[in-house]
Amino acid sequence: MIRIKTAQDIEGLKRAGALSKLALRKAGEHVVPGTSTHAIDKLVEGIIRMHAGKPAFLGYAGFPASICASVNEQIVHGIPSPNVILKEGDIVSIDTGAELGGWIGDNAWTFYCGTPSREARELCEVTRDCLRAGIEKAVPGNHIGDIGAAVQTLAERHGYGVIRDYFGHGVGHDMHEEPNVPNFGRAGRGVKLEEGMVIAIEPMISLKSYKTRTLPNRWTVETQDKSLSAHYENTIAITKDGPYVLTQDGEGPECAMEGGVAK
Ligand code: MG
(Lines give C-alpha, C1' and ligand atoms only; values in the text may rest on other atoms or scores of the structure.)
Protein backbone atom coordinates (compact mmCIF):
# COMPACT_ATOMS: atom_id res chain seq x y z
CA MET A 1 0.00 0.00 0.00
CA ILE A 2 1.31 3.41 -0.94
CA ARG A 3 0.90 5.91 1.88
CA ILE A 4 -0.03 9.36 0.60
CA LYS A 5 1.39 12.17 2.75
CA THR A 6 -0.46 15.30 3.84
CA ALA A 7 1.07 18.77 3.80
CA GLN A 8 1.69 18.38 7.52
CA ASP A 9 3.41 15.02 6.97
CA ILE A 10 5.63 16.66 4.36
CA GLU A 11 6.72 19.27 6.92
CA GLY A 12 7.88 16.44 9.20
CA LEU A 13 9.65 14.74 6.30
CA LYS A 14 11.41 18.01 5.45
CA ARG A 15 12.87 18.20 8.95
CA ALA A 16 14.06 14.59 8.84
CA GLY A 17 15.38 15.18 5.32
CA ALA A 18 17.30 18.28 6.39
CA LEU A 19 18.98 16.36 9.20
CA SER A 20 19.98 13.48 6.97
CA LYS A 21 21.37 15.95 4.46
CA LEU A 22 23.33 17.78 7.17
CA ALA A 23 24.78 14.44 8.27
CA LEU A 24 25.71 13.59 4.69
CA ARG A 25 27.33 16.96 4.08
CA LYS A 26 29.43 16.65 7.24
CA ALA A 27 30.38 13.07 6.32
CA GLY A 28 31.61 14.34 2.96
CA GLU A 29 33.84 16.93 4.61
CA HIS A 30 35.69 14.06 6.29
CA VAL A 31 36.30 12.02 3.17
CA VAL A 32 40.06 12.63 3.10
CA PRO A 33 43.03 10.26 2.84
CA GLY A 34 43.84 8.60 6.16
CA THR A 35 40.33 8.73 7.64
CA SER A 36 38.56 5.48 8.46
CA THR A 37 34.97 4.90 7.46
CA HIS A 38 34.33 4.03 11.12
CA ALA A 39 35.41 7.56 12.16
CA ILE A 40 32.93 9.03 9.67
CA ASP A 41 30.22 6.72 10.98
CA LYS A 42 30.76 7.91 14.55
CA LEU A 43 30.77 11.55 13.44
CA VAL A 44 27.45 11.11 11.66
CA GLU A 45 25.88 9.29 14.58
CA GLY A 46 26.91 12.16 16.86
CA ILE A 47 25.45 14.81 14.53
CA ILE A 48 22.14 13.01 14.21
CA ARG A 49 21.79 12.45 17.95
CA MET A 50 22.88 16.03 18.73
CA HIS A 51 19.85 17.19 16.72
CA ALA A 52 17.48 14.89 18.61
CA GLY A 53 17.31 12.40 15.74
CA LYS A 54 18.02 8.71 15.54
CA PRO A 55 20.29 7.07 12.97
CA ALA A 56 17.75 5.29 10.79
CA PHE A 57 20.14 2.59 9.57
CA LEU A 58 21.56 1.56 12.95
CA GLY A 59 19.98 -1.76 13.82
CA TYR A 60 17.79 -1.77 10.67
CA ALA A 61 17.46 -5.47 9.81
CA GLY A 62 20.53 -5.84 12.01
CA PHE A 63 22.74 -3.33 10.16
CA PRO A 64 25.54 -2.49 12.61
CA ALA A 65 26.24 1.20 11.84
CA SER A 66 24.70 4.63 11.24
CA ILE A 67 26.02 5.07 7.69
CA CYS A 68 26.69 2.85 4.75
CA ALA A 69 30.16 3.54 3.33
CA SER A 70 30.89 1.80 0.05
CA VAL A 71 34.36 2.31 -1.41
CA ASN A 72 35.27 2.04 -5.13
CA GLU A 73 33.83 -1.22 -6.50
CA GLN A 74 31.40 -1.45 -3.59
CA ILE A 75 27.92 -0.39 -4.65
CA VAL A 76 25.83 -0.10 -1.48
CA HIS A 77 25.54 -1.23 2.14
CA GLY A 78 29.27 -1.06 2.91
CA ILE A 79 29.84 -1.55 6.63
CA PRO A 80 32.06 1.17 8.16
CA SER A 81 35.21 -0.19 9.78
CA PRO A 82 38.31 1.12 11.57
CA ASN A 83 40.22 -1.06 9.10
CA VAL A 84 38.89 0.72 6.02
CA ILE A 85 41.25 3.67 5.68
CA LEU A 86 40.43 5.98 2.81
CA LYS A 87 43.21 6.69 0.35
CA GLU A 88 43.94 9.23 -2.33
CA GLY A 89 41.86 8.61 -5.44
CA ASP A 90 39.13 6.53 -3.80
CA ILE A 91 35.49 7.24 -4.48
CA VAL A 92 33.31 6.71 -1.42
CA SER A 93 29.54 6.33 -1.55
CA ILE A 94 28.04 7.37 1.77
CA ASP A 95 24.39 6.84 2.61
CA THR A 96 22.90 8.55 5.66
CA GLY A 97 19.42 8.17 7.10
CA ALA A 98 17.92 10.07 10.01
CA GLU A 99 14.69 9.57 11.87
CA LEU A 100 13.27 12.72 13.40
CA GLY A 101 9.83 13.17 14.91
CA GLY A 102 8.81 9.77 13.56
CA TRP A 103 9.74 10.59 9.95
CA ILE A 104 12.66 9.36 7.87
CA GLY A 105 15.10 11.15 5.59
CA ASP A 106 17.37 9.11 3.31
CA ASN A 107 20.12 10.35 1.02
CA ALA A 108 23.45 9.33 -0.45
CA TRP A 109 26.39 10.84 -2.27
CA THR A 110 29.60 9.53 -3.83
CA PHE A 111 32.46 11.68 -2.58
CA TYR A 112 35.95 11.97 -4.01
CA CYS A 113 38.84 11.26 -1.68
CA GLY A 114 41.43 13.68 -3.02
CA THR A 115 41.53 13.66 -6.81
CA PRO A 116 39.75 10.77 -8.53
CA SER A 117 40.78 9.24 -11.85
CA ARG A 118 39.17 10.71 -14.93
CA GLU A 119 37.00 7.62 -15.41
CA ALA A 120 35.84 7.74 -11.79
CA ARG A 121 34.95 11.41 -12.06
CA GLU A 122 33.02 10.88 -15.28
CA LEU A 123 31.11 7.96 -13.76
CA CYS A 124 30.14 10.12 -10.78
CA GLU A 125 29.13 13.08 -12.93
CA VAL A 126 26.92 10.94 -15.13
CA THR A 127 25.35 9.21 -12.10
CA ARG A 128 24.56 12.63 -10.64
CA ASP A 129 22.96 13.57 -13.95
CA CYS A 130 20.97 10.32 -13.78
CA LEU A 131 19.65 11.38 -10.37
CA ARG A 132 18.60 14.76 -11.76
CA ALA A 133 16.98 13.11 -14.79
CA GLY A 134 15.05 10.77 -12.52
CA ILE A 135 13.93 13.59 -10.23
CA GLU A 136 12.63 15.59 -13.18
CA LYS A 137 10.24 12.75 -13.98
CA ALA A 138 8.79 12.64 -10.44
CA VAL A 139 5.65 14.62 -11.21
CA PRO A 140 1.96 13.78 -10.81
CA GLY A 141 0.59 11.81 -13.76
CA ASN A 142 3.93 10.26 -14.70
CA HIS A 143 4.70 6.64 -13.86
CA ILE A 144 7.46 4.95 -11.88
CA GLY A 145 8.76 3.59 -15.19
CA ASP A 146 9.40 7.13 -16.42
CA ILE A 147 11.95 7.59 -13.64
CA GLY A 148 13.71 4.29 -14.33
CA ALA A 149 13.71 4.83 -18.08
CA ALA A 150 15.27 8.30 -17.70
CA VAL A 151 18.03 6.97 -15.44
CA GLN A 152 18.71 3.90 -17.57
CA THR A 153 18.77 5.73 -20.89
CA LEU A 154 21.33 8.26 -19.71
CA ALA A 155 23.58 5.71 -18.00
CA GLU A 156 23.57 3.27 -20.89
CA ARG A 157 24.28 6.03 -23.39
CA HIS A 158 27.65 6.27 -21.64
CA GLY A 159 28.14 2.50 -21.71
CA TYR A 160 27.66 2.13 -17.96
CA GLY A 161 25.87 -0.64 -16.08
CA VAL A 162 22.59 0.10 -14.27
CA ILE A 163 22.39 -1.90 -11.05
CA ARG A 164 19.19 -3.95 -11.13
CA ASP A 165 19.29 -5.73 -7.79
CA TYR A 166 18.65 -2.65 -5.61
CA PHE A 167 15.91 -0.05 -5.95
CA GLY A 168 14.78 3.28 -4.68
CA HIS A 169 11.67 3.16 -2.51
CA GLY A 170 8.85 5.00 -0.82
CA VAL A 171 9.78 6.90 2.37
CA GLY A 172 7.65 7.94 5.36
CA HIS A 173 7.40 6.68 8.90
CA ASP A 174 9.28 3.68 7.51
CA MET A 175 12.51 3.80 5.57
CA HIS A 176 11.34 1.38 2.93
CA GLU A 177 7.73 1.86 1.89
CA GLU A 178 5.96 1.13 -1.35
CA PRO A 179 6.44 1.70 -4.20
CA ASN A 180 9.76 0.31 -5.39
CA VAL A 181 11.61 2.76 -7.62
CA PRO A 182 13.88 0.82 -10.01
CA ASN A 183 16.63 2.58 -11.95
CA PHE A 184 15.55 0.86 -15.15
CA GLY A 185 12.27 0.33 -16.87
CA ARG A 186 9.94 1.55 -19.55
CA ALA A 187 8.35 4.95 -19.76
CA GLY A 188 4.64 4.94 -19.02
CA ARG A 189 4.77 1.67 -17.06
CA GLY A 190 4.32 0.96 -13.38
CA VAL A 191 2.61 2.83 -10.57
CA LYS A 192 1.13 6.20 -11.49
CA LEU A 193 2.67 9.04 -9.49
CA GLU A 194 0.35 11.17 -7.38
CA GLU A 195 0.65 14.30 -5.34
CA GLY A 196 1.64 13.36 -1.78
CA MET A 197 3.82 10.37 -2.66
CA VAL A 198 7.30 10.51 -1.16
CA ILE A 199 10.05 8.44 -2.76
CA ALA A 200 13.81 8.01 -2.59
CA ILE A 201 15.37 8.04 -6.06
CA GLU A 202 18.81 6.46 -5.95
CA PRO A 203 20.66 5.51 -9.12
CA MET A 204 23.49 3.02 -8.58
CA ILE A 205 25.63 2.95 -11.71
CA SER A 206 28.77 0.95 -12.46
CA LEU A 207 31.56 1.55 -14.93
CA LYS A 208 31.01 -1.83 -16.62
CA SER A 209 28.74 -4.73 -15.65
CA TYR A 210 25.63 -4.33 -13.52
CA LYS A 211 26.08 -7.74 -11.95
CA THR A 212 26.47 -7.72 -8.19
CA ARG A 213 27.67 -9.95 -5.42
CA THR A 214 27.26 -9.70 -1.66
CA LEU A 215 30.30 -10.11 0.57
CA PRO A 216 30.40 -12.77 3.31
CA ASN A 217 29.46 -10.05 5.86
CA ARG A 218 25.98 -10.38 4.25
CA TRP A 219 25.66 -6.62 3.72
CA THR A 220 28.29 -5.10 1.49
CA VAL A 221 27.37 -5.32 -2.19
CA GLU A 222 30.02 -4.94 -4.88
CA THR A 223 30.28 -5.31 -8.64
CA GLN A 224 31.16 -8.84 -9.72
CA ASP A 225 33.74 -7.50 -12.17
CA LYS A 226 35.17 -5.12 -9.52
CA SER A 227 34.48 -2.10 -11.68
CA LEU A 228 33.85 1.21 -9.94
CA SER A 229 30.33 2.09 -8.84
CA ALA A 230 28.61 5.36 -7.89
CA HIS A 231 25.43 6.08 -5.91
CA TYR A 232 23.43 9.29 -5.43
CA GLU A 233 20.13 9.56 -3.61
CA ASN A 234 17.58 12.18 -2.63
CA THR A 235 14.20 11.82 -0.95
CA ILE A 236 11.56 13.60 -3.04
CA ALA A 237 7.97 14.67 -2.46
CA ILE A 238 5.72 14.64 -5.51
CA THR A 239 3.77 17.89 -5.49
CA LYS A 240 1.48 19.67 -7.92
CA ASP A 241 4.29 22.20 -8.40
CA GLY A 242 6.78 19.47 -9.34
CA PRO A 243 9.36 17.37 -7.50
CA TYR A 244 10.37 18.76 -4.13
CA VAL A 245 13.70 17.60 -2.70
CA LEU A 246 13.20 16.89 1.01
CA THR A 247 16.84 16.06 1.68
CA GLN A 248 18.19 19.59 1.60
CA ASP A 249 19.47 21.71 4.44
CA GLY A 250 19.36 25.23 3.11
CA GLU A 251 23.08 25.14 2.30
CA GLY A 252 22.68 25.29 -1.45
CA PRO A 253 21.00 23.17 -4.09
CA GLU A 254 20.53 19.51 -3.34
CA CYS A 255 22.83 18.43 -6.15
CA ALA A 256 25.62 20.94 -5.52
CA MET A 257 28.04 18.93 -3.41
CA GLU A 258 31.33 18.24 -5.11
CA GLY A 259 34.08 15.81 -4.34
CA GLY A 260 35.10 15.44 -0.72
CA VAL A 261 34.00 18.94 0.16
CA ALA A 262 30.43 20.12 0.28
CA LYS A 263 30.11 23.29 -1.77
MG1 MG B 1 17.42 4.55 0.11
**Residues of the chain: accessible area per residue with a 1.4 Å probe, Å²** = 41 Å²
**Request:** With springs only between Cα atoms under 10 Å apart, run a GNM on the chain and tell me which of 43, 13, 131 wobbles the most.
**Result:** 43
**Anchor residue 87: lysines whose Cα lies under 28 Å away (excluding residues fewer than 8 positions away in-chain)** = 21, 26, 42, 208, 211, 226, 263
**Item:** Distance from region 147-176 to region 87-101 (C-alpha centre basis), Å
**Value:** 18 Å
**Request:** Would you work out which of 158, 56, 134 lies farthest towards the positive end of the dipole of the chain? Charges go on Cβ: Lys and Arg +1, Asp and Glu -1.
**Result:** 158
**Prompt:** In terms of modelled amide H atoms, which long-range or inter-chain residues lie less than 5 Å from the amide H of residue 204?
**Reply:** 163
**Request:** Between beta-carbons, use under 15 Å as the cut-off and find the net charge around residue 184, counting Lys and Arg +1, Asp and Glu -1.
**Result:** +2
**Complete:** Cα-based Debye curve of region 24-110 sampled at q = 0.18, 0.22 Å⁻¹ gives log₁₀ I(q)/I(0) of -0.69, -1.02
**Asked** Roughly to the nearest percent, how much of the accessible area of region 7-245 is carbon and sulfur, given a 1.4 Å probe?
**Response** 50 percent
**Request:** May I ask for the net charge around residue 45, where only other residues with Cβ less than 12 Å from the Cβ of residue 45 are counted and Lys, Arg are +1 while Asp, Glu are -1?
**Result:** +3
**Complete:** Under a Gaussian network model of the chain whose springs join Cα atoms within less than 10 Å, the largest fluctuation of 112, 166, 232 belongs to 166
**Asked** For region 7-245, what is the Kirkwood hydrodynamic radius in Å, using each pair of distinct C-alpha atoms?
**Response** 17.5 Å
**Message:** Can you compute the helix-only [θ] at 222 nm over the chain? Use -39500 (n - 2.57) per DSSP H run of at least 4 residues, normalise by all residues, nearest 500 deg cm²/dmol.
**Reply:** -9000 deg cm²/dmol
**Asked** Tell me, what HN-Hα J-couplings in whole Hz come from the Karplus equation 6.51 cos²θ - 1.76 cosθ + 1.60 at θ = phi - 60° for each residue of region 126-135, using x for Gly and Pro?
**Response** 5, 5, 4, 4, 4, 4, 4, 5, x, 4
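The values are calculated or read from the model by the stated rules, or taken from the named source; none is laboratory data. Since this is a predicted model, take the numbers as computed values, not measurements. Here the Cβ is made from the backbone with ideal geometry for all residues, glycine too, and neighbour counts use every protein chain on show. In case anyone asks, the SASA skips ligands and DNA or RNA and just uses the protein heavy atoms, side chains included. Shrake-Rupley method; radii C 1.70, N 1.55, O 1.52, S 1.80 Å.
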